[in-house]
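Visitor: This structure is in structure tokens; I'll ask about it shortly.
Derivation of every value follows stated rules applied to the coordinates shown; laboratory data play no part. Remember, it's a predicted structure, so these values are computed and weren't measured experimentally. A quick note on method: Cβ atoms are made from the backbone with ideal geometry, for glycine too, and the neighbour counts reach across all protein chains shown.
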Amino acid sequence: MSQRITRHRLQVAADLDRFINEQALPGTGVDESAFWAGVDALFAPTELAGIALGNAFAMAPMTRFRSPGGVPGPDVAAYYRRRAAGGVGLIITEGILVDHPSAGAEDAAPRLERPAAEAGWRIVADQVHAAGSKIIAQLWHQGSEREGFDGGVAWTPSGVREDGSPAGRA
């Protein structure tokens with residue numbers, strides 16, 4: 001466990017201890033030692049789908065639109081590395097458009113399958129791994145709701161919108 005997450009853990013533990021003892025536990029019948037064992041488990045190494053993680057904390061995905069031409073650059077690698085260095089066990093990337101004409105049209109949304117984008121993601125992954133974390137891709141396809149904003153035709157599994165009206169092609 002990194003020094004940084006250890007210090008953070010101590011502060012979190014102190015804050016939680018104060019909250020638990022003063023507000024949450026009194027009169028509830030919750031076993032304080034069992035509660036703290038659960039908190040400690042969050043900081044312990046774990047495994048998810050065969051991936052060894054340093055702890056059970058995961059960074060949720062966020063859409064950032066910081067990859068011009070769909071290619072994540074050094075600033076994207078630095079962004080994810082900073083999150084990994086903070087001690088998070090697993091990072092889930094922002095939405096990465098699959099390489100299909102109907103997936104989405106945002107120029108600054110990252111792609112995955114273009115050679116330059118693949119190389120950019122390799123650098124991102126290497127930076128995250130070097131900081132002691134793991135990273136997985138959130139694949140993104142905007143589905144039937146993307147139709148109309150850029151003139152592209154949406155491809156959907158059914159060709160039908162949620163309200164039952166036709167949408168794109170199946």
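Visitor: Would you please give the residues with an amide H less than 5 Å from that of residue 138, counting only those at least 5 places away or on a separate chain, with H modeled from the backbone geometry?
Guide: Residues meeting the criterion, in which the H sits 1.01 Å from N, are 93, 96.
Visitor: Another question, then. Based on the alpha carbons, how large is the Rg to Rh ratio for the stretch 19-170 when Rh follows Kirkwood?
Guide: Numbers: Rg = 20.5 Å, Rh = 18.1 Å.
Rg/Rh for the stretch 19-170 comes to 1.14.
Visitor: Could you tell me which of 50, 168, 156 has its Cα farthest along the dipole of the chain towards the positive end, charges placed at Cβ (Lys, Arg +1; Asp, Glu -1), taken about the Cα centre?
Guide: About the Cα centre, the residue reaching furthest to the positive side is 50.
Visitor: Using only the Cα atoms of the stretch 69-145, what semi-axes does the equivalent ellipsoid have when each is the square root of 5 times a gyration tensor eigenvalue? Give whole Å, largest first. The partial results should precede the final answer.
Guide: Details: eigenvalues 109, 33, 16 Å².
Three semi-axes, in Å: 23, 13, 9.
Visitor: Compute the relative contact order of the stretch 94-163 as a whole-number percentage, counting only Cα pairs closer than 8 Å that sit 6 or more residues apart in sequence. Display every interim value, and only then the final one.
Guide: On the way: 77 pairs, mean separation 25.6, N = 70.
Relative contact order comes out at 37 percent.
Visitor: Mind pulling the angle between the C-alpha long axis of helix 115-130 and the longest principal axis of the chain? Nearest 10 degrees, somewhere in 0 to 90.
Guide: 0
Visitor: Another one. What angle, in degrees between 0 and 90 and rounded to the nearest 10, separates the Cα long axis of helix 3-19 from the longest principal axis of the Cα atoms of the chain?
Guide: Here the helix axis deviates by roughly 70 degrees.
Visitor: Let me ask something else. Explain nothing, just the number: relative contact order of the stretch 1-115, from Cα pairs under 8 Å at least 6 residues apart, as a whole percent. Write out the running numbers ahead of the final one.
Guide: Details: 125 pairs, mean separation 28.5, N = 115.
Relative CO of the stretch 1-115 lands at 25 percent.
Visitor: Give the share of C-alpha pairs in each 5 angstrom bin for the stretch 63-109, from 0 to the last occupied bin, in whole percents, shortest bins first.
Guide: 5, 19, 28, 21, 14, 9, 3, 1
Visitor: Beyond 13 Å, what percent of the Cα pairs of the stretch 84-125 remain?
Guide: Everything past 13 Å amounts to 60 percent.
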